[in-house]
Amino acid sequence: MTATLEAPGPRAPRTRPGSDFAPLSRQVRESGLLERRLGYYTAAIGLNVAATAAVWAAVGWFGASWWVLALAVPLALLSGRTGFLSHDAGHRQIATSPRVNKLLGLLLGNGVLGMSYGWWTDKHNRHHANPNHADKDPDVAAGPLVWTAEQASTRRRGFLNWLARHQAKLFFPMLLLEGLNLQFNSVMALKDRTRREKLLEGALLLAHAAWYLGLAFTLLSPGKAVVFLLLHQALFGLHLGSVFAPNHKGMEMPEADQKWDHLRRQVLTSRNVRGGRFNDWLMGGLNYQIEHHLFPSLPRPSLRKVQPMVREHCARVGLPFTETGLIDSYRQALGHMHEVAEPLRH
């Protein structure tokens with residue numbers, strides 16, 4: 001099953017008194033786990049900023065050697081942490097004030113990553129509202145890749161046809177371009193923002209380009225700088241895409257006429273990934289995809305504690321609770337991609 005994220009909000013989703021979700025929502029509210037964890041997030045942001053600065057200092061120290069390229073690995077992992085923190089700000093998990101969350105999201109997303117917070121939030125909200133819905137979820141809309149047999153049946157020619165036919169094999173290599181794709185879409189999306197948003201987000205994106213390119217070309221020779229930046233962006237895209245891939249791919253996809261309640265819409269489309277504290281860190285808490293979709297404003301460190309409540313409630317109401325290992329989650333996701341592209345191979 002696949003999990004999708006609900007529209008970011010400061011509270012647990014509203015529930016009808018008689019719904020299957022209401023008892024679980026009440027239990028989680030009464031547990032106090034929806035309370036903000038300012039200490040956790042202050043430490044997480046501070047450590048991430050300090051570690052990122054330390055890596056750039058190391059780039060300057062080892063800049064004369066081509067071994068400096070190895071530092072693109074920790075920098076990509078730290079960029080992933082920044083992305084997860086911006087994601088949490090978008091869901092209002094960090095502060096009680098929407099304005100503070102938005103400010104943090106803009107600084108982390110636009111200023112540090114070069115990714116438009118406004119564009120991403122709009123796209124992500126639509127994904128949350130209708131996870132894995134082929135007509136409403138932008139993450140499974142028809143594009144270079146296909147997610148349903150119906151999408152695969154549309155007329156495709158040339159390179160796009162070849163790409164979709166082999167999409168399961170090409171999925172992870174394509175993620176190497178995801179970092180650059182996010183930045184390209186962020187710039188292109190500015191034309192659809194209000195004048196105030198264009199100025200604010202555009203200025204922060206320019207600030208990102210100035211410090212990011214300025215550091216690289218100041219600390220490294222031009223050739224090393226170009227290779228280092230490309231390697232960093234490729235690894236960042238691979239890391240981010242590898243975290244999001246297990247969440248929904250290969251899970252149930254509701255038909256246009258299916259009307260699921262909040263509990264079923266989020267649980268049936270979501271997949272958890274087990275693996276302990278390391279996976280919690282590596283995946284930024286998104287390995288608890290079911291819990292995150294049901295309670296999108298739940299602070300990241302509370303997801304692990306809420307999981308037993310959700311698992312037990314799903315058992316009570318007869319809903320499957322899907323959880324698997326990381327490697328098996330990739331196997332299921334790629335298997336789905338291979339299966340839906342079968343008509344294109346014949």
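The values are calculated or read from the model by the stated rules, or taken from the named source; none is laboratory data. Every value quoted in this text rests on a predicted model; they were computed, and no experiment measured them. Virtual Cβ from ideal backbone geometry, glycine too; neighbours counted across all protein chains shown.
Observations on the model:
- Residue match in region 27-37 (condition: modelled with pLDDT under 95, under 18 Å from MET309 (Cα atoms) and surrounded by 14 or more Cβ atoms within 10 Å (Cβ to Cβ)): no
- Scan of region 57-73 for residues that are surrounded by 16 or more Cβ atoms within 10 Å (Cβ to Cβ) and assigned to a helix (DSSP H, G or I), ordered by number: ALA58, VAL59, VAL68, LEU69, LEU71, ALA72
- Applying the criterion of being touching a residue at least 40 places away in the same chain (Cβ under 8 Å) and assigned to a helix (DSSP H, G or I) to the residues of region 151-168, the residue that is surrounded by the most Cβ atoms within 10 Å (Cβ to Cβ) is ALA164.
- Tallying residues that are in a helix (DSSP H, G or I) and either within 17 Å of ARG193 (Cα to Cα) or touching a Lys or Arg at 6+ places or on another chain (Cβ under 9 Å) (or both) within region 104-126 yields 14.
- Residues of region 22-39 that are out of contact with any Lys or Arg (no Cβ under 7 Å at 6 or more places or on another chain), in a helix (DSSP H, G or I) and of a type outside the set (S, T, N, Q): PRO23, LEU24, ARG26, VAL28, ARG29, GLU30, LEU38, GLY39.
- Residue in region 105-118 that is more than 19 Å from VAL243 (Cβ to Cβ), out of contact with any Leu (no Cβ under 6 Å at 6 or more places or on another chain) and buried (at least 24 other Cβ atoms within 10 Å of the Cβ) present: yes
- Residue list for region 68-88, filter: farther than 9 Å from LEU231 by Cβ and of a type in the set (Gly, Ala, Ser): ALA70, SER79, GLY80, GLY83, SER86
- For region 255-263, the criterion of being out of contact with any strand residue (DSSP E or B) (no Cβ under 8 Å at 6 or more places or on another chain), more than 14 Å from ASP20 (Cα to Cα) and buried (at least 21 other Cβ atoms within 10 Å of the Cβ) is met by none of the residues.
- Any hit, region 176-185, residues being outside any helix (DSSP H, G or I), under 20 Å from TYR117 (Cα atoms) and not basic (Lys, Arg): yes
- Exactly one residue out of ALA64, ALA70, ALA89, ALA57 is closer than 30 Å to LEU190 by Cα and of a type in the set (A, V, I, L, M, F, W, C), and it is ALA89.
- The one condition in (1) in contact with a Pro (Cβ under 6 Å, 6 or more places away or on another chain); (2) in a helix (DSSP H, G or I) that SER297 fails to fulfil: (2)
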